[in-house]
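These notes are about the structure you will find just below.
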Amino acid sequence: MSIITIILIAIGVAMAPPHTPEGGDRLAAQMVKLYDAAMSDINTLAGRAVRELGEDPDRRASQFREIRAAQLTRQIQNKLALLEGQTRLMVGSPLRGEINKAIARGDAELKELGIPTDPATQGVGVGFALVNSEAVEVIARDTLGRASQSIENDLGNAARQHASNALEIFRTLSTTQISEASVNTAIARGLITGNPTIADRAIRELFAADSDEAKRVRKLGNKRIQVGKATMSVRHYAATVAITRTREATVTARHERLRERGVNLVQITGKNSENFCTAFIGLVCSIGSAPEIPGLEIVELASLPGGGPPFHPRCSKGTAPFIPELASKSRSADARRAAAVYQKRLERGQLLDPIKR
């Protein structure tokens, strides 16, 4: 064992696993602004079409409704095509920056642990090559490609769902026998402004408060979409996707960098919350196959819910490199405690249960 290792073990009692939240805030802010503007444009188009129905009774003819629906469809499709191109351009730059920072953070974490970068020096039984800029570039490019595609697909689906809602609102109102131009105008104004209060007031005069038509217009008026069992605004969904996918990408890139340099173990870090993933804090996991280490229970990261941090949308949990020979007493104790908790929850089928306080 090297002198560096001995010194680190001696001072290791005070060393705690660092927790650095993964990136995504900058990308999320950009995405929110872009998607909020695009969805507002779609609402404006739908609102204008709805308003036309109330301004001129003659335009309620079947032929006009069909022509206007076709025009509205094309206009919305053009908005979606533009949004897709803007998304592709926007994802690249900020996401690439976060991935490169994550790779650099992996190197910094190992340096803080005293892992030598000189290939002639042996540290904790493992030799590490010098920083290879070409390898970093390969990791960044590969991770960027996969993450960008995921973000584009998720946000694209959300935008298309919103656009579908807009067309559905128009078709519903255009086939409903309504003659009050003021009511149609109020609904249109609610769609245009994204103000559900205005739309709700008009709809209460139009439909039963709990009717499907009322719910659809309210949802669109507030720019809301259905995501699984959750209903949220497009703004919130865009931020959720950008933050979560970016954290996935940065964790993946950092782990690939650690593994490239011979480190296979990480420890789950983060702040306590009621989310199920809090139970994993302190757990030691392997990036690849779990090795056999006496006195240390190791779980393969890929076997955890979601495949490891982030465990769920907007999850802030992360990881820190874990090297048994250098681990402090507190980190080792946390690892044993977390392993016991994990095993108990696994046996009881409670891995996804929230934490009781």
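The values are calculated or read from the model by the stated rules, or taken from the named source; none is laboratory data. Quick caveat, the model's predicted, so the values are computed rather than measured. Every residue, glycine among them, receives a Cβ derived from its backbone with ideal geometry; neighbour counts consider all protein chains shown. Just the protein is used for accessible areas: all its heavy atoms, side chains included, with ligands, DNA and RNA removed. Shrake-Rupley method; radii C 1.70, N 1.55, O 1.52, S 1.80 Å.
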If the Cβ limit is 6 Å and pairs must be 6+ apart or interchain, which residue in segment 28-54 that is basic (Lys, Arg) pairs with which residue that is open to solvent by 30 Å² or more (accessible area, probe 1.4 Å) and at pLDDT below 85? ARG51/THR185
From the list GLN86, GLN71, which one is assigned to a helix (DSSP H, G or I), without any contact (Cβ under 8 Å) to a residue 40 or more places away in the chain and either of a type outside the set (Lys, Arg) or over 18 Å from LYS223 (Cβ atoms) (or both)? GLN71
Sole exception among (1) at positive phi; (2) part of a helix (DSSP H, G or I) for ARG331, by number: (1)
Let me spell it out: the conditions are (1) in contact (Cβ under 8 Å) with a residue 12 or more places away in the chain; (2) in contact with a helix residue (DSSP H, G or I) (Cβ under 9 Å, 6 or more places away or on another chain); (3) of a type in the set (S, T, N, Q), and SER273 meets all of them except one. Which number is the exception? (2)
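I want to confirm something. Restricting to segment 280-289 and keeping residues that are closer than 28 Å to ARG314 by Cβ and open to solvent by 10 Å² or more (accessible area, probe 1.4 Å), which single residue is modelled with the lowest pLDDT?
Residues of segment 280-289 closer than 28 Å to ARG314 by Cβ: 280-288.
With open to solvent by 10 Å² or more (accessible area, probe 1.4 Å) added as a condition, the list becomes 281, 287-288.
Values: ILE281: 95, ILE287: 94, GLY288: 88.
Step by step, filter segment 280-289, then rank; the result is GLY288.
Give me a count of the residues in segment 228-253 that are outside any loop (DSSP other than H, G, I, E, B), out of contact with any Asp or Glu (no Cβ under 8 Å at 6 or more places or on another chain) and charged (D, E, K, R).
Of the residues in segment 228-253, the ones outside any loop (DSSP other than H, G, I, E, B) are 230-253.
Filter once more, so that each one left must be out of contact with any Asp or Glu (no Cβ under 8 Å at 6 or more places or on another chain): 230-233, 236-237, 239-240, 242, 244, 248, 252-253.
Next, from what is left, pick out any that are charged (D, E, K, R): 248.
So the answer is 1.
Residue check: is PRO354 open to solvent by 50 Å² or more (accessible area, probe 1.4 Å), within 22 Å of the chain's Cα centre (by Cα) and closer than 19 Å to ASN275 by Cα? Write out each step before concluding.
On the way: open to solvent by 50 Å² or more (accessible area, probe 1.4 Å): yes; within 22 Å of the chain's Cα centre (by Cα): yes; closer than 19 Å to ASN275 by Cα: yes.
So PRO354 passes the test.
Go through the residues of segment 75-82 one by one and say whether even a single one is touching an Asp or Glu at 6+ places or on another chain (Cβ under 8 Å) and either at pLDDT below 90 or of a type outside the set (Phe, Trp, Tyr) (or both).
Step one: list which residues in segment 75-82 are touching an Asp or Glu at 6+ places or on another chain (Cβ under 8 Å), which gives 79.
Subsequent filtering for residues that are either at pLDDT below 90 or of a type outside the set (Phe, Trp, Tyr) (or both) retains 79.
Checked against the condition, which is being touching an Asp or Glu at 6+ places or on another chain (Cβ under 8 Å) and either at pLDDT below 90 or of a type outside the set (Phe, Trp, Tyr) (or both), segment 75-82 yields at least one hit.
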